[in-house]
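Here is the structure we will look at.
The values are calculated or read from the model by the stated rules, or taken from the named source; none is laboratory data. Given the structure is predicted, the values throughout are model-derived calculations rather than measurements. No Cβ is skipped: glycine too gets one built from the backbone with ideal geometry, and neighbour counts run over all protein chains shown.
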Amino acid sequence: MASVLTFARAGRSCHPRINVVRQFPARREIHATSAVLKKKKGGGTAYDEDDIFSSQDDDLFGSSSALQADKQPETVSTTVQSTTAATKKNKLSPAERTALFNGTYSFVAERIGPHPVLKKFPEQVRHTALHRMIQLAATKEQMEQIIALLPKWRESRLRISETTVNVFVHRCRELRCTLLALQVFSDHPKYGMDLNPAAGRQLLHDLHVEHPLSESITLSALYSIYALPSISGDLISCALLTSACYKTATKESLVVARALTQSLQALLDKEDPKAYAYPVNHYERSQNKEKAWLTWTLTKIEKALEKHKQPYDWLRQWRERSGHVQVAL
C-alpha cells in the first residue's frame, strides 16, 4: 500500500501543473471619426465639420500619452477632459473655446523648447497642435501668445505645414491683426514660418486693403527671400500691388505703379482671359477667391489709368474677353 502511494506521489511530481486560462475576445473600441459620428436616421450624434477635434486619433499628443495617462499631472488630464467634452457639441461657447485654448497652450508650452518644464513627461507634441491653437484663437492677444511660442517650436524642430501657414494668415485676417503675420514672416530666423505663394497673395490682399502702402512694399520684398516668384512675375500679386500704388497716389507710388502696369500688361498678354472668369457661384468664389480679387482689382486699375490719363484700352479689352466688365463696371 505504501509503495502505491509513493508511486502516485511520484507520478504527480513528474507532470508540470497546467494553468488553464480562459481567453475572452478583446473589447472592440468604437472608431469615433467624424464620418462615424454623422447623424443617422432615428438618432445619433451630429458632428459639425468645424469641430476642433473630429477623431480620437487626431489629438494633440504623441502615441505615448495614452500609455502614460496614469502618470500625467493634473494639467494634462484636465486638457484631455476639456478636449473630450468640447467634441461632444457642435459649437464651442466662448468660455469653452477659451478653456480649450488655454489648456492646449499650457500643454504645448510645457513640452517644447530646449529646456521643457516637464522633463519627466516626454510625450511628443503633434505637429497639428499649432494648427489647432490657431483655429481656437479668438483674440489678437491669443494670436500673440501663439507667436511667442514659435521660437521654441522651431527649436524643438517641429514642422509647420503649408496648410498651417495658410490658416495662420487667414486667422490673422479674421481677427484683424494682419500686421502680426507680417511680423512673423519678416523674421524667419526667429519664427521659422515659411511664406508660400498662396499665403503671400492672401497677406498682400489683406495689407493693401487696410494698411499703408509701406506694409505691402515690405511684404513684396520678402518674396525673393522665400524664393517666391517676383511681384512683377506673379499676376495676382502684381495686380494687387499695382492697385495699392494707385490708391496711395503719391508721386513716388505713381512711379512704381506705372512700372508695375507694364509688367501687368505683359502678364495678361500671356493669360487666357476666359480662364480668369469671375466665379459667380458663392461656393466657387470661396474656392477661387484669387479670381474674384483679380476681377475687382483690374477694375480699380482701369479706373486709375483713366484718371491719370494713361492708356487703358488694352486692359478694357482683356476684361471684356474675361467677362469682368459684365460683373464689375
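Consider Tyr312 carefully, then state whether it is crowded, with 16+ Cβ neighbours inside 10 Å and touching a Gly at 6+ places or on another chain (Cβ under 7 Å). Steps first, please.
Values: crowded, with 16+ Cβ neighbours inside 10 Å: yes; touching a Gly at 6+ places or on another chain (Cβ under 7 Å): no.
Here the answer is no, as Tyr312 does not meet what is asked.
Can you pull out every residue in the stretch 133-156 that is in a loop (DSSP other than H, G, I, E, B) and either of a type in the set (Asp, Glu) or surrounded by 18 or more Cβ atoms within 10 Å (Cβ to Cβ) (or both)? First the steps, then the outcome.
First, the residues of the stretch 133-156 that are in a loop (DSSP other than H, G, I, E, B): 137-139, 156.
The answer is Ala137, and nothing else.
Among the residues of the stretch 106-127 satisfying the criterion of being crowded, with 20+ Cβ neighbours inside 10 Å and not charged (D, E, K, R), which is modelled with the lowest pLDDT?
If we filter the stretch 106-127 for residues that are crowded, with 20+ Cβ neighbours inside 10 Å, which is where we start, we get 107-108, 111-112, 125.
If we keep only those that are not charged (D, E, K, R) too, we end up with 107-108, 112, 125.
Working: Phe107: 90, Val108: 92, Ile112: 89, Val125: 85.
Per the criteria, the residue is Val125.
Among helices (runs of 4 or more DSSP H) lying entirely in the stretch 186-271, which contain 3 or more residues that are of a type in the set (Ser, Thr, Tyr) and surrounded by 19 or more Cβ atoms within 10 Å (Cβ to Cβ)? Show your work before the answer.
On the way: elements: 188-191, 197-210, 213-225, 235-248, 251-269.
The qualifying helices (runs of 4 or more DSSP H) are 213-225, 235-248.
Kindly establish whether Ala275 is crowded, with 17+ Cβ neighbours inside 10 Å and either of a type in the set (A, V, I, L, M) or touching a Ser or Thr at 6+ places or on another chain (Cβ under 9 Å) (or both).
On the way: crowded, with 17+ Cβ neighbours inside 10 Å: no; either of a type in the set (A, V, I, L, M) or touching a Ser or Thr at 6+ places or on another chain (Cβ under 9 Å) (or both): yes.
For Ala275, the condition - crowded, with 17+ Cβ neighbours inside 10 Å and either of a type in the set (A, V, I, L, M) or touching a Ser or Thr at 6+ places or on another chain (Cβ under 9 Å) (or both) - is not met.
Before we move on, is Glu210 within 19 Å of the chain's Cα centre (by Cα) and acidic (Asp, Glu)? Working first, answer last.
Working: within 19 Å of the chain's Cα centre (by Cα): no; acidic (Asp, Glu): yes.
No, not satisfied.
Kindly establish whether Ala292 is within 19 Å of Cys238 (Cβ to Cβ), small (Gly, Ala, Ser), surrounded by 14 or more Cβ atoms within 10 Å (Cβ to Cβ) and more than 32 Å from the chain's Cα centre (by Cα). First the steps, then the outcome.
Values: within 19 Å of Cys238 (Cβ to Cβ): yes; small (Gly, Ala, Ser): yes; surrounded by 14 or more Cβ atoms within 10 Å (Cβ to Cβ): yes; more than 32 Å from the chain's Cα centre (by Cα): no.
Spelling it out, it is not the case that Ala292 is within 19 Å of Cys238 (Cβ to Cβ), small (Gly, Ala, Ser), surrounded by 14 or more Cβ atoms within 10 Å (Cβ to Cβ) and more than 32 Å from the chain's Cα centre (by Cα).
Please go through the stretch 298-329 and give me each residue that is in contact (Cβ under 8 Å) with a residue 60 or more places away in the chain and part of a helix (DSSP H, G or I), ordered by number. Give the steps one after another, and end with the answer.
Applying the first criterion (in contact (Cβ under 8 Å) with a residue 60 or more places away in the chain) to the stretch 298-329 yields 301, 304, 308.
Residues satisfying the conditions are Ile301, Ala304.
Hey, can you tell me all the residues within the stretch 157-166 that are more than 13 Å from Lys190 (Cα to Cα) and either part of a loop (DSSP other than H, G, I, E, B) or outside the structural domain of Ala181 (by the TED database) (or both)?
Answer for the stretch 157-166, where residues must be more than 13 Å from Lys190 (Cα to Cα) and either part of a loop (DSSP other than H, G, I, E, B) or outside the structural domain of Ala181 (by the TED database) (or both): Leu158, Arg159, Ile160, Ser161.
Looking at the stretch 157-168, which of its residues are modelled with pLDDT of 95 or more and buried (at least 16 other Cβ atoms within 10 Å of the Cβ)? Show your work before the answer.
Within the stretch 157-168, the first condition is being modelled with pLDDT of 95 or more, and the residues that meet it are 160-168.
Within the stretch 157-168, Ile160, Thr164, Val165, Val167, Phe168 qualify.
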